[in-house]
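**Student:** Sharing a structure here in structure tokens format.
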Amino acid sequence: MLNLLLFCGTLVSFTWISFFRLPVFAFVLYQAIYFYYPQQRWWGYMVPNIGYSFISVVIMAAVFLLNMKKLNQQKIFSAPPFKYFYLLVALYAITYFYSVRPELHMMFATNYIKLAVIMTLAYKLCSSQKSLDIILYGYIFGAWYLSFIAFQVGRQFGDRLQGVYTVDAPDVNFVGAALVPSLVLCLYYFWIKNSYIQRFVFVIAGAFIANAMVLINSRGAYLGVAISIAYFMYHMFFSSFQRKYQKATTIFLLIAGLLSLTVVMDRSSIERILSINESTQVETNKETAATRTVFWKAAWDMAKDYPLGTGYEGFSFYSNIYIPSNVNTGRSRNRAVHSTWFETLSEVGYLGLILFILLLYSCFKTTKLTKIYLKEQNMVDEYFKMVALEGALIAFIVTMTFINRMRAEVLYWCIIFICVAYNVYVVNKTKQDETKTLKVR
């Protein structure tokens, strides 16, 4: 009943707020529906079986049109990553003409174009620092909810969670990737909030998400969490830009985090983490985690023959040819490549991989420019928000290195968070400063 009330309450209240209070809640509604995914939940039969995600996008478009005069101030190409994003989407659509599975490729190219439209609307709806915080809260809320579902379901199949998915994540490893960036954001908000109640909220959210990560038991996700948290705390401790008692707080958070691991982690998760070192050798008599390195090499060899790419699932179509016959690949020789980098290479070729890398590089270049500006303005909390957003993107990048996530929703959410932050803190502030200068003159 709680799940049903949360879903209905979110649907009604966020829709009302979108039209009458804050337009940005239209995107928060979309985020929530992504994680609720009623068609896949046990309570889904109690609500109409309709396209809630589509409805939320229609609401986003309607809210934007109603507020176009104000929201259209957000110039899309003010944020550098957008140009690479649109080029990559266009290239993916063009690849249809020489894809090996044209019908499937058309379906996923259409979804990719839809994602580009949704992310554009999301960017347009977020016009202030408050709206940036709201969409970050929306993501954390959705991650908490999915983790709550994971807590309810538990491990029903061996040592890993199964049966808890999202719209674009029909695999437990994909779900782990969708959750990974949220932990560093929880840490950031816990650190900067002054209210004990607010801090408690982020502690609870972080605890549920960390528990879900343990239930999912993904090695790639563990690496993503560890590297992103380490990245954020390194900057907290060593940055010359400091809040009061920042170094002491960093040490406290580190100790508290390590102690909390003793509560959350179990034997299975510890063994899973330790197995990372044990899975570096390829075995010909059975499939192991290291077997994916064979897939990566095969994808590289395949790209030499198909430099323009082969479209959706092109690698699985040709993998039997390029994977050595003496390598055990499990039940099938037609396998996924198990890495977003090589997924991109095999589907849209060398040009697509270059655009994808440039897209991510542009994000980090954008955060660097934003941090420089925030440091000049002595905006400490906002500066570390950018560090947290970098950590969130790093978390996803590390995790996606071991799974196919080129078109993942949450990856592009992380990118949109950065674009919105750049627009809010640099582009808009610069315009305001120029306006003030003109008035003085």
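The values are calculated or read from the model by the stated rules, or taken from the named source; none is laboratory data. Since we're looking at a predicted model, the values are computed, not measured. Don't worry about glycine lacking a Cβ; one is built from the backbone with ideal geometry, like all the others, and counts go over all protein chains shown. The accessibility values were calculated without ligands, DNA or RNA, using every heavy atom of the protein model including side chains. Shrake-Rupley method; radii C 1.70, N 1.55, O 1.52, S 1.80 Å.
**Student:** What distance in nm lies between label points placed 7 Å from Cα along the C-beta direction at K368 and I270?
**Tutor:** 4.1 nm
**Student:** Further question on the same structure: Which whole-number value in Å³ per residue fits the convex hull of the alpha carbons of the stretch 204-248?
**Tutor:** Values: hull volume 3.7 nm³, N = 45.
Per residue, the Cα convex hull of the stretch 204-248 comes to 83 Å³.
**Student:** Wrap a convex hull around the Cα atoms of the stretch 107-152, take a quarter of its surface area, and give that in square nanometres. All intermediate terms of the calculation are to be shown ahead of the outcome.
**Tutor:** Working: hull surface 17.0 nm².
For the stretch 107-152, the mean projected area of the Cα convex hull comes to 4.3 nm².
**Student:** Can you work out D for the stretch 132-219 in µm² s⁻¹ from Stokes-Einstein, where Rh is the Kirkwood radius over C-alpha pairs, the temperature is 37 °C and the viscosity is 0.692 mPa s?
**Tutor:** Details: Rh = 13.2 Å.
Value of D from the Cα-based Kirkwood radius: 249 µm²/s.
**Student:** Just the C-alpha atoms of the stretch 62-164: what Rg/Rh do they give, with Rh taken as the Kirkwood radius?
**Tutor:** Here the Rg-to-Rh quotient is 1.10.
**Student:** Continuing with the same structure: Along the three principal axes, how long is the stretch 19-91 when you take its alpha carbons, biggest first, rounded to the nearest angstrom?
**Tutor:** Each principal axis gives a Cα extent; for the stretch 19-91 these are 44, 36, 14 Å.
**Student:** Which residue fluctuates the most in the chain, going by a Gaussian network model with Cα springs under 10 Å, if the choices are S218, S325, S228?
**Tutor:** Highest fluctuation among the options: S325.
**Student:** By what distance, in whole Å, do the Cα atoms of the chain stretch along each of the three principal axes, largest value first?
**Tutor:** 74, 52, 51
**Student:** Same structure again: Rolling a 1.4 angstrom probe over the protein chains, ignoring ligands and nucleic acids, what is the accessible area of F317 in square angstrom, nearest 10?
**Tutor:** Looks like 90 Å² after rounding.
**Student:** If you take the Cα Rg of the stretch 307-378 and divide it by 2.2 N^0.38 Å, with N the number of residues, what do you get?
**Tutor:** Normalised Rg, Cα atoms only: 1.66.
**Student:** Which percent of the accessible heavy-atom area of the stretch 1-149 goes to carbon and sulfur, probe 1.4 angstrom?
**Tutor:** The computed percentage sits at 71.
**Student:** May I pose another question? For the pair M1/I255, report the inter-label distance in nm, with labels modelled 7 Å from Cα in the Cβ direction.
**Tutor:** 4.4 nm
**Student:** Compute a Gaussian network model of the chain, connecting alpha carbons closer than 10 Å, and tell me which residue from F241, F82, F252 fluctuates the most.
**Tutor:** Maximum fluctuation in the GNM of the chain, among the listed residues, is at F252.
**Student:** Taking only protein heavy atoms into account and a 1.4 Å probe, give the accessible area per residue of the stretch 1-134 in Å².
**Tutor:** The answer is 49 Å² per residue.
**Student:** Ok, one more. Provide the descending list of Cα extents for the stretch 348-391 along its principal axes, expressed in whole angstroms.
**Tutor:** Computed over the stretch 348-391, the largest-to-smallest principal extents equal 43, 17, 7 Å.
**Student:** Another one. Could you tell me how many cubic angstrom of Cα convex hull volume the stretch 3-145 has per residue?
**Tutor:** Working: hull volume 18.7 nm³, N = 143.
Each residue corresponds to 131 Å³ of Cα convex hull volume.
**Student:** With springs only between Cα atoms under 10 Å, which of E103, E409, E343 fluctuates most in a Gaussian network model of the chain?
**Tutor:** Result for the chain, Cα springs under 10 Å: E103 fluctuates most.
**Student:** Taking every pair of alpha-carbon atoms in the stretch 329-421, what share in percent sits in each 5 Å bin, from 0 to the bin with the longest distance?
**Tutor:** 3, 13, 20, 20, 15, 11, 8, 5, 3, 1, 1, 0
**Student:** Still on this structure: Between K429 and Q198, 0.36 nm times their residue separation minus their Cα-Cα distance comes to what?
**Tutor:** That pair, K429 and Q198, stretches by 80.4 nm at full extension.
**Student:** Another question, then. Whole number in Å², please: accessible area per residue of the stretch 283-396, 1.4 Å probe, ligands, DNA and RNA not counted.
**Tutor:** On the way: 4850 Å² over 114 residues.
In whole numbers, the stretch 283-396 has 43 Å² accessible per residue.
**Student:** Rank S128, Q198, L254 by how far each Cα sits towards the positive end of the charge dipole of the chain (+1 on Lys, Arg Cβ; -1 on Asp, Glu Cβ) and give me just the farthest.
**Tutor:** With unit charges placed on the Cβ atoms, the residue in question is S128.
**Student:** Another question about this same structure. At what distance in nm do the modelled label points of K297 and F151 sit from each other, each positioned 7 Å from its Cα along Cα→Cβ?
**Tutor:** The modelled label-to-label distance comes out at 4.5 nm.
**Student:** Same structure, new question: Where in the chain are the helices, taken as whole DSSP H runs, whose Cα atoms extend 27 angstrom or more along the long axis and whose Kyte-Doolittle mean reaches at least -1.0? Walk me through the intermediate numbers first.
**Tutor:** Working: long enough: 102-125 (34 Å, 0.78); 129-153 (36 Å, 0.96); 172-192 (32 Å, 1.83); 196-216 (30 Å, 1.84); 219-238 (28 Å, 1.07); 340-376 (43 Å, 0.70); 380-400 (30 Å, 1.30).
Taking the DSSP H segments of the chain (at least 27 Å long, mean hydropathy at least -1.0), we get 102-125, 129-153, 172-192, 196-216, 219-238, 340-376, 380-400.
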